[in-house]
Amino acid sequence: QVQLVESGGGLVQAGGSLRLSCAASGRTFSSYAMGWFRQAPGKEREFVAAISWSGGSAFYADSVKGRFTMSRDNAKNTVYLQMNSLKPEDTAVYYCAAALVAGPLPREYDYWGQGTQVTVSS
């Protein structure tokens, strides 16, 4: 069982930066790949980024590639999403999730956090 709690969301102007954190409980955190997803009002949940259990590999949605960086610290049971050059279209609730194998589909993930709101003003 893994419990996930996101933090770090907020209101930022376009072009600004935020760093999201996702703290996990459970001794098996380092066994899980992790992902970030987001959901804007009226839209489906979409993939943002994912990272392997070791942190050795990460991949990103085309819409955030070059602007967002995902990382993890297994000693702290935490994953991060550094978001730079934010755009109004990045506005959404951001969720972290855990899976045995990282992928771009929500159904591949077993555990989810409650989400944190990111709002980017123009």
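In table form, for the structure just shown:
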| item | result |
| --- | --- |
| Computed label-point distance, nm, for sites THR28 and SER52 using a 7 Å Cα→Cβ extension | 2.1 |
| Unit charges on C-beta of K, R, D, E only; dipole of region 53-122, Debye | 120 |
| Point-to-point label distance, ARG67-GLU44, nm (Cα→Cβ direction, 7 Å offset) | 2.2 |
| Among GLY42, GLY113, SER71 the positive-end extreme of the charge dipole of the chain (Cβ point charges) | SER71 |
| Relative contact order %, the chain, counting alpha carbon pairs below 8 Å whose residues are six or more apart | 36 |
| Contact order relative to length of region 50-96, as percent, for alpha carbon pairs under 8 angstrom and 6 or more apart | 27 |
| Loop-located GluC sites (Glu not before Pro) in region 1-46 whose Cβ has at most 15 other Cβ within 10 Å (DSSP) | GLU44 |
| Reach of LYS65 by Cα under 20 Å, taken over lysines that are not fewer than 8 positions away in the same chain | LYS87 |
| Region 18-33 - phi-based ³J(HN,Hα) in whole Hz, Karplus 6.51/-1.76/1.60, Gly and Pro as x | 9, 10, 8, 10, 9, 9, 10, 10, x, 6, 9, 3, 5, 8, 9, 6 |
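Laboratory data are not the source of any read-out in this text; all were calculated from the coordinates shown. Everything numeric in this text was worked out from a predicted model, so none of it was measured. Glycine also receives a Cβ, built like all others from the backbone with ideal geometry; neighbour counts cover every protein chain displayed.
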